[in-house]
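K.L.:
Before we start, here is the structure in question, set down as structure tokens.
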Amino acid sequence: MYEEPDESPAERVLDPANRAKERADESRMHAELAAVFEGRRKFDVAIIPGLDADLARQVQKTVARLERAKAPDSPILPPASMAEAAELLKLPEARELSTCDYHIYRRPGEAMIVRWLEGEQVETFYERLQAHFDAALEGFKEDERQALGWKQDPKIAAYLKALDEIDIKMPDRYLRDLIRKHNLFVLSTQTADEINIAYLCNQLMGVSMEEVVGARSAPPEDGASDRDLAWFFKLFSLRGMDGDTEQMCFFTYLQKSDDSFE
């Protein structure tokens, strides 16, 4: 999905601690993608097409307003946006929609995926998020030790030491305790100008591209070009509380990168 740099850390003019932090951020983004989209593959969660168009647009407009309302340097929503955030998190109850499943609205060249979690589903999400992060980072650490550990270079030694010292608790990174203790609403985003739609559907979700984006928009399963597979991707993650119950809403917007559907 993401292109790795051709040069090794030793060849890059970058502070070792910053390079280690950069890798941790990459692992965090991959872990979030895996935890959000693995439901069908790991837990047999349903993919439900045919989400009402008006409801899909309502969710899209709501998360866009919430994104504009928060400060650029903080994912915590301001008090004025809390009621709207709470309403979005309560939509499954209000509209009799299932939680945990993937609700999909599709148009040619465009797809929206909405997934709500609550209670124990949120707990499972955080467990899986941490597991994915730990596995990705530990695998990378081992690869870097094997590739670079033999080199007698102080900068490389500092970089490997910085990598070994990374110990991130993902619930802390996602402000879970603050949300529960102070009844906060938090919105974070992840954007890619071009995501490989086959990676998202086939590898992360474990389904065909057609099942997610529809027959007209899906690239061929075999022989697809890079242009066929390139989609704009934006993931919104909204977290909050309803009384003592934790709630989450993941809204994903996908659009074909070329203009063939315009």
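The values are calculated or read from the model by the stated rules, or taken from the named source; none is laboratory data. A quick note: this is a predicted structure, and the numbers were derived from the prediction, not measured. Backbone-built Cβ (ideal geometry, glycine too); neighbour counts: all protein chains shown.
K.L.:
Could you list, in sequence order, the residues of segment 21-67 that are under 17 Å from M112 (Cα atoms), among the small types (G, A, S) and surrounded by 15 or more Cβ atoms within 10 Å (Cβ to Cβ)?
P.N.:
Residues satisfying the conditions are G39, A56.
K.L.:
Tell me the helices (runs of 4 or more DSSP H) entirely within segment 148-262 that contain at least 1 residues that are farther than 19 Å from P75 by Cα and either out of contact with any Asp or Glu (no Cβ under 6 Å at 6 or more places or on another chain) or of a type in the set (V, I, T) (or both). It would help to see each step written out before you state the result.
P.N.:
Numbers: elements: 154-164, 170-173, 176-182, 209-213, 226-229.
Once the helices (runs of 4 or more DSSP H) in segment 148-262 are filtered for at least 1 residues that are farther than 19 Å from P75 by Cα and either out of contact with any Asp or Glu (no Cβ under 6 Å at 6 or more places or on another chain) or of a type in the set (V, I, T) (or both), what remains is 154-164, 209-213, 226-229.
K.L.:
Kindly establish whether D164 is within 16 Å of A31 (Cα to Cα) and either at pLDDT below 95 or surrounded by fewer than 18 Cβ atoms within 10 Å (Cβ to Cβ) (or both). Full working, then the answer.
P.N.:
Numbers: within 16 Å of A31 (Cα to Cα): no; either at pLDDT below 95 or surrounded by fewer than 18 Cβ atoms within 10 Å (Cβ to Cβ) (or both): yes.
When the stated conditions are applied, D164 does not pass them.
K.L.:
Also: From the residues in segment 116-129 that are part of a strand (DSSP E or B) and touching a helix residue (DSSP H, G or I) at 6+ places or on another chain (Cβ under 7 Å), which one is nearest to F233 (Cα to Cα)?
P.N.:
Restricting attention to segment 116-129, the residues satisfying the condition of being part of a strand (DSSP E or B) are 116-118.
From what's left, touching a helix residue (DSSP H, G or I) at 6+ places or on another chain (Cβ under 7 Å): 116-117.
On the way: W116: 19, L117: 21 Å.
Per the stated criteria, the residue is W116.
K.L.:
Would you list the helices (runs of 4 or more DSSP H) that sit entirely within segment 37-109 and hold 3 or more residues that are under 21 Å from Y174 (Cα atoms) and in contact (Cβ under 8 Å) with a residue 60 or more places away in the chain?
P.N.:
On the way: elements: 39-43, 53-69, 82-89, 91-95.
Counting at least 3 such residues, we get 53-69, 82-89.
K.L.:
A follow-up question, please. Check G214, G243, G206 and return the single one that is on the phi > 0 side of the Ramachandran plot and without any contact (Cβ under 8 Å) to a residue 12 or more places away in the chain. Can you show your working first?
P.N.:
Details: G214 fails: without any contact (Cβ under 8 Å) to a residue 12 or more places away in the chain; G206 fails: without any contact (Cβ under 8 Å) to a residue 12 or more places away in the chain.
That would be G243, the only listed residue that is on the phi > 0 side of the Ramachandran plot and without any contact (Cβ under 8 Å) to a residue 12 or more places away in the chain.
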